[in-house]
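In what follows, a single structure is set out as structure tokens and then discussed.
The values are calculated or read from the model by the stated rules, or taken from the named source; none is laboratory data. What you are looking at is a predicted structure, and each value in this text was computed from that prediction instead of being measured. Glycine gets a Cβ as well: all are built from the backbone with ideal geometry, and neighbour counts include every protein chain shown.
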Amino acid sequence: MENFISGYPGCEFQIRGALAEVVGSAKADFFFDKFLEYFFEEKDAKFFKSLGLNCIRLPFNYRHFEDDMNPRVLKRGGFKHLDRVIDLCAQHGIYTILDLHAAPGGQNTDWHSDAGMHIANFWMHKDFQDRTIWLWKELAKHYVNNKWIAGYNPLNEPTDPTHTAVITFYDRVYDAIRSVDTEHAIFFDGNTFASDFSHFGDAHKKWHNTAYSIHDYSVYGFPASPEDYVSSDEQRGRMKRSYEKKREWMDQRGLCVWNGEWGPVYARQQYDGLATDAINERRYKVLEDQLAMYNQDRLSWSIWLYKDIGFQGMVHVSLETPYMTLLKDFLAKKHRLAVDAWGADTSHVQHIYQPLIDHIRKEIPQENQDLYPFPVWKLSDRVGRLSRSILVTEYLVKEWAEHFRGKNEVELDEIAKSFKFENCMCRDGLNRILMANAELVAGQ
Ligand SMILES: O[C@@H]1[C@@H](O)[C@H](O[C@@H]2CO[C@@H](O[C@@H]3CO[C@@H](O)[C@H](O)[C@H]3O)[C@H](O)[C@H]2O)OC[C@H]1O
């Protein structure tokens, strides 16, 4: 679960804790369990398949399988929803790729690793790595004979500041998986948010049946785009260079590339008003141009993402649902404060962070200003991003949870049902393009 996907502020562990304080642990567990159930059901699998798509990447959090206070004790209940969704997809002819999106300690500097901070402690504590290796061995044991799993994606978007610890970790997790499962493909993300393989050298020589994953977000698909996207030769050239740079290491060695995440974000009528349609038409053009580029290379991909509350998903929860009406004002406030920092339009709040950025620029020598994960994160963006997504958002966690005070299980169930496919709208512009592309590719 992530902030802009499900509407909560901060990290998943924070809202789970806050909701438990407000309604009690039993009701909080009930709500999140129902949320996960309704988030992906048979109708979702049917719809996904109807577009001609044949593989879905399933992100999950290590916390489903292991408690930090009881490490290395497998929580069998963790398989409940993963098994359910894998089987549903299989019944509809959809392969799955299992993506460990949040690992103990946090494998990257962003909110989605569910660590609550921007120091990726995973890379500094061997025990976090050992626990992850233990978990992958357990997962591989469980799924070894499942033919509908296309493969394992052991770590989403590592940001290893040394650039070499990630390779040592991949060696270890590869051996652990292969000790119980010699068949499933393994998909390794590049370092620095799946963008950089430049330190991988000859590492691949030890890894068989392995593909390499880039995440190819184009700046033109985001509010931070340097200019309106008009699909000019120059813009398509920039888009292509950025994509080719990410896959360079694989191309030099003839290795298999998979684009595990990509896709623009979209404007919303309730926030962007009359500008919404024009913005989104430009974003759809970005999407089409990316697909055209990928088709030339016969690149396989998994778009980010399937379902959310309206920012990026192929389907999104309707504004009329109990969840969206209950949280309407709160979500508007989150949007105004730009606390879901990734992909946010920061124009309303930039003036608040600019003095701090200027202060650092003035006081810190130029050579010390580019902190890792530079160059993906630059000083101009880092200050506001960290302040909003970690600090400001912390103050909103309780406010989110308070919306649920006094609700009984029937009411909580009704709220969670907002995420059912039948209570969602389809982003037709996006889905039409994906479907037409699937037809084109199938015909080739
Ligand atoms: O969970 C996902 C998460 O995996 C994903 O992570 C972000 C990916 O992109 C990174 O920023 C991009 C870097 O390249 C620029 O060209 C793009 O404009 C940036 O968006 C970012 O730092 C990661 O956190 O994001 C979406 C999450 O839901």
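Scanning region 90-108 for residues that are of a type outside the set (Val, Ile, Thr), away from the ligand (no atom under 16 Å from the Cβ) and outside any loop (DSSP other than H, G, I, E, B) yields 90, 91, 95. Against the condition more than 18 Å from the chain's Cα centre (by Cα), closer than 26 Å to residue 112 by Cβ and either outside any helix (DSSP H, G or I) or within 15 Å of the ligand (Cβ to nearest atom) (or both), how does residue 264 come out, does it pass? It is false that residue 264 is more than 18 Å from the chain's Cα centre (by Cα), closer than 26 Å to residue 112 by Cβ and either outside any helix (DSSP H, G or I) or within 15 Å of the ligand (Cβ to nearest atom) (or both). If you filter region 151-172 down to residues that are of a type in the set (A, V, I, L, M) and more than 16 Å from the ligand (Cβ to nearest atom), you find that the one that is nearest to residue 141 (Cα to Cα) is 167.
Cβ-Cβ distances below 8 Å connect no pair with a first residue in region 57-75 that is free of Cβ contacts under 8 Å to residues at least 24 places away in the same chain, a second residue that is within 14 Å of the ligand (Cβ to nearest atom) and in a loop (DSSP other than H, G, I, E, B), and a separation of six or more residues or different chains. Among the residues of region 1-45, those that are within 16 Å of the ligand (Cβ to nearest atom) and among the small types (Gly, Ala, Ser) comprise 6, 7, 10.
Filtering region 217-242 to residues that are in a helix (DSSP H, G or I) and buried (at least 20 other Cβ atoms within 10 Å of the Cβ) leaves 220, 221, 235, 239.
Conditions (1) assigned to a loop (DSSP other than H, G, I, E, B); (2) without any contact (Cβ under 8 Å) to a residue 60 or more places away in the chain; (3) of a type in the set (Lys, Arg), marked per residue:
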{"position": "150", "(1), (2), (3)": "no, no, no"}
{"position": "156", "(1), (2), (3)": "yes, no, no"}
{"position": "161", "(1), (2), (3)": "yes, no, no"}
{"position": "167", "(1), (2), (3)": "no, yes, no"}
{"position": "173", "(1), (2), (3)": "no, yes, no"}
{"position": "182", "(1), (2), (3)": "yes, yes, no"}
{"position": "186", "(1), (2), (3)": "no, yes, no"}
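All told, residue 254 falls short of being more than 14 Å from the ligand (Cβ to nearest atom), closer than 23 Å to residue 225 by Cβ and modelled with pLDDT of 95 or more.
Taking region 268-316 as the range and being farther than 20 Å from residue 212 by Cα, within 16 Å of the ligand (Cβ to nearest atom) and not in a helix (DSSP H, G or I) as the test, the residues that pass are 306, 307, 308, 309, 310, 311, 312, 313, 314, 315, 316. Suppose we keep only residues that are of a type outside the set (Gly, Ala, Ser) and assigned to a loop (DSSP other than H, G, I, E, B) within region 188-208. Which one would you say is nearest to the ligand (Cβ to nearest atom)? For region 188-208, the residue satisfying everything is 197. Among the residues of region 82-89, are any more than 16 Å from the ligand (Cβ to nearest atom) and part of a loop (DSSP other than H, G, I, E, B)? Among the residues of region 82-89, not one is more than 16 Å from the ligand (Cβ to nearest atom) and part of a loop (DSSP other than H, G, I, E, B), which makes the answer no. Every condition in (1) under 30 Å from residue 346 (Cβ atoms); (2) without any contact (Cβ under 8 Å) to a residue 12 or more places away in the chain; (3) of a type outside the set (Val, Ile, Thr); (4) more than 16 Å from the ligand (Cβ to nearest atom) holds for residue 226 except the one numbered (4). Restricting the search to helices (runs of 4 or more DSSP H) fully inside region 361-444 and requiring at least 1 residues that are without any contact (Cβ under 8 Å) to a residue 40 or more places away in the chain gives 379-386, 409-416, 428-443. Of all the listed residues (115, 176), the sole one being within 30 Å of residue 381 (Cβ to Cβ) and among the small types (Gly, Ala, Ser) is 115.
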